[in-house]
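One structure is given here, and the rest of the page talks about it.
Derivation of every value follows stated rules applied to the coordinates shown; laboratory data play no part. Quick caveat, the model's predicted, so the values are computed rather than measured. Cβ placement follows ideal geometry from the backbone for every residue including glycine, while neighbour counts extend to all protein chains displayed.
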Amino acid sequence: MKSATERDPAAPARAARLVARSVRSLAASLGSLFRRRRPRGSAQAPRSETGPYVNRLVSDAILLNEIPSPTEREAARTDHILQRLGEFGYTTCSLDDFGNLSAVLPAREGTDEHVLLFADIRCEDYSPIESMTRLEADRLRGRGIAENSIAAAALLVLAEYLSRNEIQYDRNVIFLFTSFDPGEQELQPLERFLQTWKDRVRFAAHLRGLEIGWTEDRPLGTCKLSVSVRTEGKSRAGNHVAASAIWVLASIATRLGSIRWDPENLTFLNIAKVEAGIGFGWPATEGILEIEVFSPAAPAMEMARSAVEATIASIAKEAEAAVDVTVKAFLPAGNPQINAGLNTIVRTVHERLRIKPRPVSLPGYASFLNSLGIPAVTLGVTTGRKSYMEEYIDIRPLETGFRQLLAFLDECAGWREGPKP
């Protein structure tokens, strides 16, 4: 069956034009929403009113979310972002051969130190239909919106805000729009970028959509595995139905779920995704299983990975199934010592803005920078939900999430305001 895009290649472009025409009315409705809201205890508006920029944040998230992805080097989305950056004064942007798009806000005075803010613009779950967004009273729905689109839009609008208001810091600020391809075994675009910039980055923050208030007190590493299964519809003798792909995948998940990986229970496994079968009347002969192994220690994670692969091979042999295991991604554990000072800054910002802190133990892009000796944290910009059945972001917390980014830069880059010399 052909996808919607294959049946009508012009459909995404028409949808984007429809969205663009609705941006004005959207901004007006969002403006009234934020004018009604002035929460008690929120930080004083930093330097100028942020409301119009938060409105544009939502509009840009809608436009980004409906641009097809993945594409080669994410050209479709980087072209849109590059055009927007040029509109508000960033005329010397850099787009490398790996799809990294960066712009630099220069410091007030010459310095080699930089603060790096980066967001992933890739959407693995893009759908021409399900990625069409739906605006509700307090929520924005659409596949991909909570994962990367809202974070990339926040970074884009932050760059606009600083340029429009002629704000400069004691350190240079890099805005990086990158992508992470979990199926690519070569160096990722972010790693390529850091090869050049690692000696000039003093602090860094990864912007993500969910969840505002998360702090990584005990960073974990992860190994992501994709398991593909293929079985025959019937046994070799042709008399009995062979084990289905669903049975094989369920057996793998059940057996792995019963394993205790280390005495301290610091290493654990998550069954992230299971897909098999096409419906009634058809044997389930193919399927995939996606697995994540989490651990704060590299040796324990490697041991767990080996045990996972051995268990899968054993079950595949029992079921006479063809199984292929692929390492989709590997993220080392972050360094809590390197991040201690930066985490203190984040907690101070959260306390000032009355953001409820929520300590978590999750792997993230920040670990790449920790491995290079760079303090790095992850900052969520709103709340919401991402599940199999639905995906949405909450609109009201976005204003606080945006103020959080400004306050973070004030602390890490050293705020100064005034005309550029």
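Things worth noting here:
- Where labels lie 7 Å past Cα in the beta-carbon direction, separation of residue 232 and residue 266 in nm: 4.7 nm
- Note on segment 140-214: Cα convex hull, mean projected area over all directions, 7.1 nm².
- Packing, as the average of other Cβ atoms within 10 Å across residues, places the peptides 50-57, 92-99, 205-212 in the order 205-212, 50-57, 92-99, highest first.
- Protection proxy ranking, peptides 140-147, 326-333, average beta carbon neighbours within 10 Å, highest first: 140-147, 326-333
- Scaling the Cα radius of gyration of segment 221-331 by the globular reference 2.2 N^0.38 Å produces a ratio of 1.14.
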